[in-house]
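A quick write-up on the structure given underneath.
The values are calculated or read from the model by the stated rules, or taken from the named source; none is laboratory data. Since this is a predicted model, take the numbers as computed values, not measurements. Glycine gets a Cβ as well: all are built from the backbone with ideal geometry, and neighbour counts include every protein chain shown. Areas reflect the complete protein model, heavy atoms only, side chains present, ligands, DNA and RNA absent. Shrake-Rupley method; radii C 1.70, N 1.55, O 1.52, S 1.80 Å.
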Amino acid sequence: KSNIAPILKYIESNFKTCRLEELSKIFNMNPNYLTTLLKETTGYSFKELVQKQRFQYIISLLNHTEKSIEEICFEAGYKNSTYFYKKFKEIYGCTPNEYRNKYDYK
């Protein structure tokens with residue numbers, strides 16, 4: 001197996017703007033091969049890995065800042081707030097605002 005640590009580190013550092021095509025060029029891999037390698041090694045697809053990083057960042061911002069949900073959404077790299085709200089509810093079972101109120105760690 002290839003050492004995917006540098007690839008995962010790149011995703012972790014660039015989750016806001018990371019795209020599969022860009023990543024595959026940087027690491028000189030075919031996008032299909034890279035996707036398969038990530039899935040086989042981590043159990044997650046490229047898209048899922050990026051999304052996991054975004055949501056870790058989002059939860060941190062919800063818990064530790066007063067930024068609006070819209071600001072957090074766009075700062076995390078989501079360009080479509082409707083999609084963001086849908087994914088958030090799917091993952092956490094509530095809206096970002098409900099999450100912030102329920103888990104107020106400030």
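Residues in the chain average 61 Å² of solvent-accessible surface per residue, probe 1.4 Å, ligands and nucleic acids excluded. Subtracting the Cα-Cα distance of N32 and K89 from 0.36 nm times their residue separation leaves 17.6 nm of extension gain. Restricting the range 30-91 to trypsin sites (Lys or Arg not before Pro) that sit in a DSSP loop and have at most 15 other Cβ atoms within 10 Å of their own Cβ leaves K67, K79.
How large, in percent, is the carbon and sulfur part of the accessible surface of the chain at a probe radius of 1.4 Å? Solvent-exposed carbon and sulfur of the chain make up 51 percent of the total. For the chain, relative contact order (Cα pairs under 8 Å, six or more residues apart, normalised by length) works out to 23 percent.
Of the GluC sites (Glu not before Pro) found in the range 34-70, those in coil by DSSP whose Cβ has at most 15 other Cβ atoms within 10 Å are E66. Taking the Cα centre of the chain as reference, the dipole from Cβ charges on Lys and Arg (+1) and Asp and Glu (-1) amounts to some 160 debye. Among the listed pairs K39/K102; K9/K87; K25/K67; K25/K89; K16/K89, those whose Cα-Cα separation exceeds 28 Å are K39/K102; K25/K67; K25/K89.
Backbone geometry of the range 84-92 corresponds, through the Karplus equation with coefficients 6.51, -1.76 and 1.60 at θ = phi - 60°, to 3J(HN,Hα) couplings of 4, 4, 5, 5, 4, 5, 4, 7, 9 Hz, x marking Gly and Pro. Each residue of the range 24-35 is assigned a 3J(HN,Hα), and the resulting list reads 5, 5, 4, 9, 6, 10, 5, x, 5, 5, 4, 4 Hz, derived from the Karplus form 6.51 cos²θ - 1.76 cosθ + 1.60 (θ = phi - 60°), x at Gly and Pro.
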